[in-house]
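A.B. asks: Dropping a structure here in structure tokens format, bear with me for questions.
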Amino acid sequence: MNYHGLIVGVYTFFAIGIFHPIVIKAEYYFSKRCWPFFLILGLLCLFFSLKTSDVWSAILGITAFCFLWSIKELYEQAERVERGLYPKRKKGTLL
């Protein structure tokens, strides 16, 4: 039996669920200016997905596109904060 499809499906479900709070916290603590971090990690995952095979290639590809999609979500999260749907970080406060 081949479980690769099941593994990739379950991983995709959890990756989407994990990246949502990551974007919210990243925007809260670092603002949308942290988008290059997501770009670099996304490109690294893309590169390594091309260098591996089997289920790891799919997992790295999914992770890469989650990072890249998070760039768009950072900007949308900043808009949601401006509209008052999420709390804004006070100036001068540490983590």
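The values are calculated or read from the model by the stated rules, or taken from the named source; none is laboratory data. Because the structure is a prediction, the values reported are computed rather than measured. Quick reminder, even Gly has a Cβ in these numbers, built from the backbone with ideal geometry, and neighbours come from all protein chains shown. Calculation scope for accessible area: heavy atoms of the full protein, side chains included, ligands and nucleic acids excluded. Shrake-Rupley method; radii C 1.70, N 1.55, O 1.52, S 1.80 Å.
A.B. asks: Can Ile40 be described as under 19 Å from Phe14 (Cα atoms) and in a helix (DSSP H, G or I)?
C.D. replies: So Ile40 does not fit the description; no.
A.B. asks: Name the residues in region 67-90 that are assigned to a helix (DSSP H, G or I) and open to solvent by 20 Å² or more (accessible area, probe 1.4 Å), would you?
C.D. replies: Of everything in region 67-90, those that are assigned to a helix (DSSP H, G or I) and open to solvent by 20 Å² or more (accessible area, probe 1.4 Å) turn out to be Phe67, Leu68, Trp69, Ile71, Lys72, Glu73, Tyr75, Glu76, Glu79, Arg80, Glu82.
A.B. asks: Could you please give the count of residues in region 43-66 that are among the polar types (S, T, N, Q) and in a helix (DSSP H, G or I)?
C.D. replies: Of the residues in that region, 3 qualify.
A.B. asks: Next question, about the same structure. Report whether or not Ile59 is β-branched (Val, Ile, Thr), over 22 Å from Glu82 (Cα atoms) and surrounded by 14 or more Cβ atoms within 10 Å (Cβ to Cβ).
C.D. replies: So Ile59 passes the test.
A.B. asks: Also: Could you please find all residues in region 22-48 being open to solvent by less than 50 Å² (accessible area, probe 1.4 Å) and touching a residue at least 60 places away in the same chain (Cβ under 8 Å)?
C.D. replies: Within region 22-48, just Ile24 meets the criteria.
So that you can scan it fast, the table gives a plain yes or no per residue for (1) within 12 Å of Ile24 (Cβ to Cβ); (2) modelled with pLDDT under 90:
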position	(1), (2)
Ser49	no, no
Asp54	no, yes
Gly61	no, no
Ala64	no, no
Lys72	no, no
Ala78	yes, no
Val81	yes, no
Arg89	yes, yes
Gly92	no, yes
